[in-house]
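**Q** So that we are looking at the same thing, I have put the structure below in structure tokens.
Read-outs throughout are calculated quantities, based only on the coordinates presented, and are distinct from any laboratory measurement. Predicted, not measured: the structure shown is a model, and the values here were computed from it. As a convention, Cβ positions derive from the backbone with ideal geometry for all residues, glycine included, and neighbour counts pool all protein chains shown.
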There are 2 protein chains.
Amino acid sequence: MAVEIVYRSSRDPEQLFMDKAQADRHDKMLELAENLGEVLQRAVPQLGEQLAEEISIYMARNREVFAKAFKSNPEALAELDASGAA
Amino acid sequence: MAVEIVYRSSRDPEQLFMDKAQADRHDKMLELAENLGEVLQRAVPQLGEQLAEEISIYMARNREVFAKAFKSNPEALAELDASGAA
């Protein structure tokens, strides 16, 4: 038995990580998703909280692809087809 | 009376522009929105076509802000508050 360090994002306390960098990435993903969720719900109120959250987490998990798409290259979104990453 | 040139995106034939650059921007916005709509509907099927389209057009109209948010700066989305751009 030993005491060990685990890491978590305060935005999602149930999810523990052994690796601080992973916890950081998770926290950053959730931060982006929260911001997206608020903005999208305000823009399209019929969306509702749950759908806004699902879409936002999906996009935040795939942020690099969406960054490319919004910057200049909508075709970058095709990368999401094959991987089925969600 | 005179014949004049007007421009339009084939994605939205009803919207005519006197200025080619404006028509180009409109076409690019719609291209991005179409791609986003497909990807989001596939990722979250409960979203439905109409909501997917509304969200996608909103994001495509504000693409610079979303590009910043996805690249590295979620706080960039705060820019959307004041303007109410939709």
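**Q** If you put a point 7 Å past Cα along the Cβ direction, how far is that point for A:I5 from the same point in each other copy, in nm, smallest first?
**A** Taking the point 7 Å beyond Cα along Cα→Cβ, the inter-copy spacings are 6.5 nm.
**Q** Next question, about the same structure. Using a label position 7 Å from Cα in the Cα→Cβ direction, what is the ascending list of nm distances from B:K20 to the same site in the other copies?
**A** From this label point to the equivalent ones elsewhere in the assembly: 5.7 nm.
**Q** What pairs from A:K28/A:K68; A:K68/B:K20; B:K28/B:K71 go past 27 Å between their alpha carbons?
**A** none
**Q** Write out the trypsin sites (Lys or Arg not before Pro) in chain B meeting two conditions: DSSP loop, and at most 15 other Cβ atoms within 10 Å of their Cβ.
**A** B:R11
**Q** Please provide three numbers in whole Å: the alpha-carbon extents of chain B along the principal axes, with the largest listed first.
**A** 51, 29, 20
**Q** For the protein assembly as shown, what ratio Rg/Rh do Cα atoms give with a Kirkwood hydrodynamic radius?
**A** Value, to two decimals: 1.08.
**Q** Let me ask something else about it. ³J(HN,Hα) across the stretch A:47-64 via Karplus (A = 6.51, B = -1.76, C = 1.60, θ = phi - 60°), whole Hz, x for Gly/Pro?
**A** Computed from phi, the couplings for the stretch A:47-64 are 4, x, 5, 5, 5, 4, 5, 4, 5, 5, 5, 4, 5, 5, 5, 10, 4, 5 Hz.
**Q** Moving on. Can you give the angle from 0 to 90° between the axis of helix A:20-43 and the longest principal axis of chain A, with both taken from C-alpha atoms, to the nearest 10?
**A** Rounded to the nearest ten degrees, it is 40.
**Q** So, how do all the Cα-to-Cα distances of the stretch B:6-56 break down into 5 Å bins, in percent, from 0 on up?
**A** 5, 23, 23, 16, 15, 11, 6, 2
**Q** Which whole number gives the average, over all residues in A:23-35, of C-beta atoms from other chains lying within 10 Å of the residue C-beta?
**A** The shielding value for this peptide is 2.
**Q** For peptide B:42-54, compute the average count of partner chain beta-carbon atoms within 10 Å of each residue's beta-carbon.
**A** Mean number of neighbouring Cβ atoms from other chains: 4.
**Q** Follow-up. Using alpha carbons only, how many angstrom separate the centre of the stretch B:3-52 from the centre of the stretch A:6-68?
**A** 27 Å
**Q** Hey, another quick one. What are the GluC sites (Glu not before Pro) within the stretch A:1-67 that DSSP puts in a loop, where the Cβ has at most 14 other Cβ atoms within 10 Å?
**A** A:E4
**Q** Report relative contact order for the stretch B:19-79 in percent, whole number only (criteria: Cα-Cα under 8 Å, sequence separation at least 6).
**A** About 27 percent, as a whole number.
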